[in-house]
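The structure appears below as structure tokens.
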Amino acid sequence: MALASTESLKSELEVFDISYQDDSVLDKMLEQCLCNRIKTEDFLLEWVAYSTTKNGLALTMDNLEQFEHEVLNKKNKSKQSFRKEEIHNKTRDIHSLEELIKAEEEEDNLLDSYSTPAKGSQKRALTTPEHPHSKRSAALMASPGLLLSPASFSPSATPSQKYSQRGGKGEVVATFGAVQGTRWVGRKAPGVGVQVELLEGPEDSLCCSYQYMFQRLRDVRNVLTEKIEELGEDLRSHFKIEEFSPVSLPAQDSITVLGQVCCDSNGKLNAQSVLLEAGPEQGGQQVPVDLSELKEYSLIPGQVVVMEGMNTTGRKLVASKLYEVKPLNVLVACGPYTPSDSLTFDPLLDLINVIIRDRPDVCLLLGPFVDSKHEQIEKAQVTETFEEIFSRCIKSIMDGTKSVGCHLVFVPSQRDIHHHFIYPQPPFTLPNPNKDQRVTLVPDPCTLLIDGVTFGLTSTDILFHMSAEEISCGTGSDRFSRILKHMLCQRSYYPLYPPVEEVNMDYEKFQSFGQMPVTPDILIIPSELRYFVKDVVNCVCVNPGRLTKGQVGGTYGRLLIQPSATSQDGKRVSPCLAAQVVKI
């Protein structure tokens, strides 16, 4: 049978010169044709006959539904009864007889479960220890097909024809990440080695017996107050606010207040219905908020906010500033910081100018700072010690960024000729014992926590080393993602064994300092290979490239991080809002 289509319906309607309201009528007719398995021409003949008996009904949605109820459904029932008679009249073999017996037993069991049989009219024997169910009946009742069949729910239930006629079966409608070449199959031994744990203590479990919805209004208030106080303390320390003022206290000067957003009625929140409800420490009162002076804002009922504004009468707060936790701006750069034909730090000076312009919060600077592979160092053409070159480089960075006030993190490299040639590598030691508070010296590799966001850092080119050793088949063409996934799944900053010759590995220290204690939110992994930013198993991996490539300029990276980026359903959310790799 040829499938019905909108075009065939239109052509048939033109033949009979029948007009219709809109395309929704055609969609309804097409649905009825498909669900009832009727050809287009047969459907139109039935409709013409039906509408003629009804004094020429118009082709509308309501009339189509009436037509389906009075004509199409009756035809389906007659077809089904004809099929049943045909099945009963057929000559049967042993297999078909067994199937018929099973079907009759199912029907008897189902009818008995819905009815109270009259005395002496029971067809099936009662189940007793002396007369148990047969094995065949027991197997039948345990069949998943029977348990999930429509007859197991209601004697009159019929399968959904719309569902059985659905289109696009198995079609992918949304994707994330590199899905090309991915094999969507489970492990060979299902469930083996998989641990599922609920992140809460036994005392917090909802399985224990308690009377829910018997909470008092005072208990609700205590929960909301505690939320205001906890978030308020975090916001106060983050923005370095001395104290919050009461929301309803009249003041001629600008005040900073803490409270929870609520609506002045039971309706939907809008710009004219915003109230700010303070906690007990700030008076516990509500005050209307005028948002007209705010250029931008995003508020929801129940949101804990810190606002700055004027409240001259004590009856309305005219908000002039809404404190929000802004994204953390992180700059990432990896050496060499000089071109290969000169020991002048011109690329580094350009990077310092970028730092002064963009004013990042944190600068992650990875070695080498004094590159052992530099032409003049290899040929011993320097006129000062390597330590002096390094000190001059670090001093330039610290002095050049002092006006910005950003935090500096220095990561050594095994290519730093003045430093220990070992992996894991200890942090640098600054020549000046009075260390700047803005400076953090870390080893290679290391795991940092920056405002609650986990960073994994390594200056060793593990990408280059692993790409030379990896073999793969049928796993897609994205080599970088495969290697990064190896690192994250092996929980190691250097999972390759044996290491390449240029990596001087100390395995005793590697066990303690070369592993990933947790999966980082951001993994900084510079390499000679092409720069990239990738999301691999929910970890944002960044190869910022190197600041210089031979005699020409290279690249650096910058990231916007939201420290408190967590979803409401408790799932892990990447704190990286945006990331870029930029040419110097």
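The figures follow:
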| item | result |
| --- | --- |
| Where a residue in the range 508-522 is hydroxyl-bearing (Ser, Thr, Tyr) and its partner, wherever it lies, is not in a helix (DSSP H, G or I), with Cβ under 8 Å and at least six apart | THR519/THR454; THR519/ARG491; THR519/VAL537; THR519/ASN538; THR519/CYS539 |
| Residue identified as in contact with a Gly (Cβ under 6 Å, 6 or more places away or on another chain) and small (Gly, Ala, Ser) among SER372, SER413 | SER413 |
| Some residue of the range 456-473 being open to solvent by 10 Å² or more (accessible area, probe 1.4 Å) and over 35 Å from the mean Cα position of the chain (by Cα) | no |
| Selection from the range 264-277 of residues that are open to solvent by less than 50 Å² (accessible area, probe 1.4 Å) and under 14 Å from LYS316 (Cα atoms) | ALA271, SER273, VAL274, LEU275, LEU276, GLU277 |
| Filtered residues of the range 426-464 (kept if farther than 30 Å from TYR497 by Cα and small (Gly, Ala, Ser)) | GLY452 |
| Selection count where residues are surrounded by 14 or more Cβ atoms within 10 Å (Cβ to Cβ) and either part of a helix (DSSP H, G or I) or of a type in the set (Val, Ile, Thr) (or both), scope the range 11-40 | 16 |
| Yes/no for SER254 being modelled with pLDDT of 80 or more and either surrounded by 14 or more Cβ atoms within 10 Å (Cβ to Cβ) or hydrophobic (A, V, I, L, M, F, W, C) (or both) | no |
| Scope the range 346-392; condition among the small types (Gly, Ala, Ser) and touching a residue at least 12 places away in the same chain (Cβ under 8 Å); matching residues | GLY367, SER372, SER391 |
| Positions within the range 41-50 being within 16 Å of ASN76 (Cβ to Cβ) and open to solvent by 60 Å² or more (accessible area, probe 1.4 Å), in sequence order | ASP42 |
| Condition met for VAL223 (out of contact with any His (no Cβ under 9 Å at 6 or more places or on another chain), surrounded by 15 or more Cβ atoms within 10 Å (Cβ to Cβ) and not hydroxyl-bearing (Ser, Thr, Tyr)) | no |
| Among the candidates TYR531, TYR494, residue that is in contact with a Ser or Thr (Cβ under 6 Å, 6 or more places away or on another chain) and either surrounded by 16 or more Cβ atoms within 10 Å (Cβ to Cβ) or charged (D, E, K, R) (or both) | TYR531 |
| Residue match in the range 514-525 (condition: more than 26 Å from VAL330 (Cα to Cα) and out of contact with any Cys (no Cβ under 7 Å at 6 or more places or on another chain)) | no |
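Yes or no, residue by residue, for (1) in a loop (DSSP other than H, G, I, E, B); (2) open to solvent by less than 40 Å² (accessible area, probe 1.4 Å); (3) aliphatic (A, V, I, L, M); (4) more than 30 Å from GLY550 (Cβ to Cβ):
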| residue | (1), (2), (3), (4) |
| --- | --- |
| GLN260 | no, yes, no, yes |
| GLU281 | no, no, no, yes |
| VAL287 | no, yes, yes, yes |
| LYS295 | yes, no, no, yes |
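The values are calculated or read from the model by the stated rules, or taken from the named source; none is laboratory data. Quantities reported herein were computed from a predicted structural model and do not represent experimental measurements. No Cβ is skipped: glycine too gets one built from the backbone with ideal geometry, and neighbour counts run over all protein chains shown. Keep in mind that these areas ignore ligands, DNA and RNA; they rest on the heavy atoms of the full protein, side chains included. Shrake-Rupley method; radii C 1.70, N 1.55, O 1.52, S 1.80 Å.
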